[in-house]
Amino acid sequence: MHTNQYLSSIQKELSQIADRISETEAETLVQHIVQAKRIYVAGAGRSGLMMRAFAMRLMHLGLDSYVVGETVTPGLSAGDMLLIGSGSGETKSLLSMAQKAKSLQATVAVVTIFPESSIGKLSSLSVSLPGSPKDRSQNTAETIQPMGSLFEQTLFLFLDAIILRLMDIRKLDSQAMYSRHANLE
């Protein structure tokens, strides 16, 4: 297969996944984000990169958002939200963060393949994204892609859709968001 054919196959996979995401779960996440005092995001590996991109877009919307582990990230407290992106829902460092956030009376949410995972059970809410975990014995979606790529791509696109929903709620357009774009580049 040629590169363009692979790209076409990936697009088809993503299109099929989109129809399997619960609108109720997505809207519940949106409402919790709207109500949160501050939003903290966390993820490991490539999922972590998707979460960092989401934190940037939340900042562009004018929301107080932080990436866990950054030197400028303030302490979390009651009224805040920790949103974790984890395919497995079992990453030990993320589980530890979720436990700490819950003990501080923050809302804990997870976007995952496995809502029944350890992080999913601990969370106040979860959004299930069909994907293919690294362990193919637990495959929940067909994919030609390696490892967790389908989940990570779906996570990125899902979070961008959440941003569009928040833009609707806050009555913002892309132009308004540019006022918060980095300007020292």
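For segment 62-79, does any single residue satisfy the condition of being buried (at least 20 other Cβ atoms within 10 Å of the Cβ) and touching a residue at least 40 places away in the same chain (Cβ under 8 Å)?
Looking only at segment 62-79, we keep the residues that are buried (at least 20 other Cβ atoms within 10 Å of the Cβ), and these are 65-66, 68, 76.
With touching a residue at least 40 places away in the same chain (Cβ under 8 Å) added as a condition, the list becomes none.
Within segment 62-79, not a single residue is buried (at least 20 other Cβ atoms within 10 Å of the Cβ) and touching a residue at least 40 places away in the same chain (Cβ under 8 Å).
For segment 138-145, state whether one or more residues are among the charged types (D, E, K, R), on the phi > 0 side of the Ramachandran plot and exposed (fewer than 14 other Cβ atoms within 10 Å of the Cβ).
no
Write out, first by first residue and then by second, each pair whose Cβ atoms fall under 9 Å of each other, whose residues are 6+ apart or on separate chains, and whose first residue, in segment 90-107, is within 18 Å of residue 125 (Cβ to Cβ) and free of Cβ contacts under 8 Å to residues at least 24 places away in the same chain while the second is surrounded by fewer than 17 Cβ atoms within 10 Å (Cβ to Cβ) and of a type outside the set (Val, Ile, Thr).
Within 9 Å, the pairs are 102/124.
Does residue 23 qualify as being loosely packed, with under 12 Cβ neighbours inside 10 Å, more than 18 Å from residue 180 (Cβ to Cβ) and at pLDDT 95 or above?
Here the answer is yes, as residue 23 does meet what is asked.
Would you pick out the residues in segment 26-61 that are surrounded by 17 or more Cβ atoms within 10 Å (Cβ to Cβ), among the charged types (D, E, K, R) and over 17 Å from residue 111 (Cβ atoms)?
Passing the criteria: only 38.
Test each condition in (1) of a type in the set (D, E, K, R); (2) modelled with pLDDT of 95 or more; (3) over 18 Å from residue 45 (Cα atoms) for residue 90 and report the one that comes out false.
Unmet for residue 90, out of (1) of a type in the set (D, E, K, R); (2) modelled with pLDDT of 95 or more; (3) over 18 Å from residue 45 (Cα atoms): (3).
Mind listing whichever residues of segment 40-69 are among the acidic types (Asp, Glu) and in a helix (DSSP H, G or I)?
Narrowing segment 40-69 to residues among the acidic types (Asp, Glu): 64.
Within segment 40-69, none qualify.
Does segment 39-68 hold any residues that are over 17 Å from residue 161 (Cβ atoms) and charged (D, E, K, R), and which are they?
Across segment 39-68, the qualifying residues are 46, 52, 64.
Considering only residues of segment 1-20 that are assigned to a helix (DSSP H, G or I) and of a type in the set (A, V, I, L, M, F, W, C), which is surrounded by the most Cβ atoms within 10 Å (Cβ to Cβ)?
Within segment 1-20, the match that is surrounded by the most Cβ atoms within 10 Å (Cβ to Cβ) is 17.
The values are calculated or read from the model by the stated rules, or taken from the named source; none is laboratory data. Note that this is a predicted model, so its numbers are computed, not measured. Ideal geometry is used to build each Cβ from the backbone, glycine not excepted, and the neighbour counts take in all protein chains shown.
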